[in-house]
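Student: Just dropping this structure here.
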Amino acid sequence: MMRAGIIAIIAWALGAAAPAQAERLIVSVSNHRVTVTPNYAGEELVLFGSVEKDDKTPPARTNYNLVVTVSGPRSDLVTWRKQRRFGIWVNTESREFLQVPSYLAVFSNRPIDVIAPVDVQRRQQLGINNVLLTQRIGTDFADVVPTDPFRSSFVRLRKEHGLYREETSAVTFLTPTLFRTTIPLPAEVPIGTYDVEIELFADGAFIAKTETAFDIVKVGFEQFVANAARNHGVIYGVMTAVMALLSGWAASIVFRRD
C-alpha cells in the first residue's frame, strides 16, 4: 500500500512539473525522397504546416514565431589555416570538426534575437551560432565561441557552397496559424537523411516542437558508382585506374602526330 502511494505521489509530481501542452505543430514536406541523377542541379522543397490550438491555449495568443532547423548527414570535417611561407601559401594549422552536419539551414519568420532571449537561444540551439559544432582541440572535445577563427572560417566556407545558411525572413505565416517555408538543396548536397526540427515560440517562450525528415538518394549510374565505391573499394579503385589508363591511351591514339 505504501509503495503504491509513493508511486502515485511521484506520478503526480511529474505531471505537475510537465507544462500543459496548449499548442501542437502539424507539418509535412512536399517531397520525402529527393533523387539525385547525373543532371541533378539542385532542388527546393516546401515545408508547410499549422499550429493546432486546444482549450488550454490563451485566447489572445496569435503572435507566434517559428524556427526551422534542417540538419544533413553528419560527418567529420577538417578546416585548415593557410599562411604565407617563403612566398607561397601553405596549410599550417588545422581543426577537426567531429560529426557535424554536412548541411545546416536555419529558417525563421523573424530575427532569432527577436524571437527568444539569449539563454533560450542557447538552450534550444537556435541559429548557426548556437548549434553545437564539436571540435577536437588538443586532447579535448568541445565547441568554441562563434568568433573563433577556425569555427567562423568553417561556417563561412560551408555557406559559400550553399551548405550552411541562415535566413530570418524565410518562414511565412499565411494566416495566424498556417505557415510555409522553402528548403533549398544545392547541386552538391550530400546524400543521406535530413532531419527537420520545427520549434514554436510566443512572447519569447518556447511553446512546442515537432520533427520530420526527408532522404536524398542517388539513382541510376550515380547509385551504381556510389555503391561500388562504398562496398567494393579495391575493385572500384582498380577499375578507375584501368579506365584512366585506357582513356590516356585512346587520347594518345586520337591526337598522335604521324
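Laboratory data are not the source of any read-out in this text; all were calculated from the coordinates shown. All of these numbers come straight from a predicted model, not from anything done at the bench. Cβ coordinates were reconstructed from backbone atoms using ideal geometry, including for glycine residues, and neighbour counts include every protein chain displayed.
Student: Relative to the present Cα-Cα distance, how much length would full extension add between Glu167 and Ser94 at 0.36 nm per residue of separation?
Tutor: 23.4 nm
Student: Follow-up question, since we're still on this one. Which residues in region 31-70 place their backbone N less than 20 Å from a point set 7 Å from the Cα of Ala213 along the Cα-to-Cβ direction?
Tutor: 31-36, 45-48, 68-70
Student: If amide hydrogens are placed 1.01 Å from N in the peptide plane, which non-local residues have theirs closer than 5 Å to the one on Glu166?
Tutor: So Glu166 has HN proximity to Val106.
Student: Going by amide H atoms built from the backbone, whose H comes under 5 Å of the H on Ile183, apart from near neighbours?
Tutor: Leu45, Val46, Leu47
Student: For region 60-177, what is the charge dipole size about the Cα centre, in debye to the nearest 20, if Lys and Arg each add +1 at the Cβ and Asp and Glu each add -1 at the Cβ?
Tutor: 260
Student: Ranked highest first by the average count of other Cβ atoms within 10 Å around their residues, in what order do 140-147, 208-215 fall?
Tutor: Per-residue mean Cβ counts within 10 Å order the peptides as 208-215, 140-147.
Student: How much FRET efficiency would the formula 1/(1 + (r/R0)^6) give for Leu132 and Lys53, where r is the Cβ-Cβ distance and R0 is 30 Å, rounded to 0.05?
Tutor: 0.40
Student: Related question: Find how much the distance from Thr62 to Thr177 grows on full extension, using 0.36 nm per residue of separation minus their present alpha carbon separation; answer in nm with one decimal.
Tutor: Extra length available between Thr62 and Thr177 comes to 40.6 nm.
Student: Along the Cα→Cβ direction, 7 angstrom out, place labels at Gln125 and Thr139. What is the inter-label distance in nm?
Tutor: Between Gln125 and Thr139, the simple spin-label model gives 2.7 nm.
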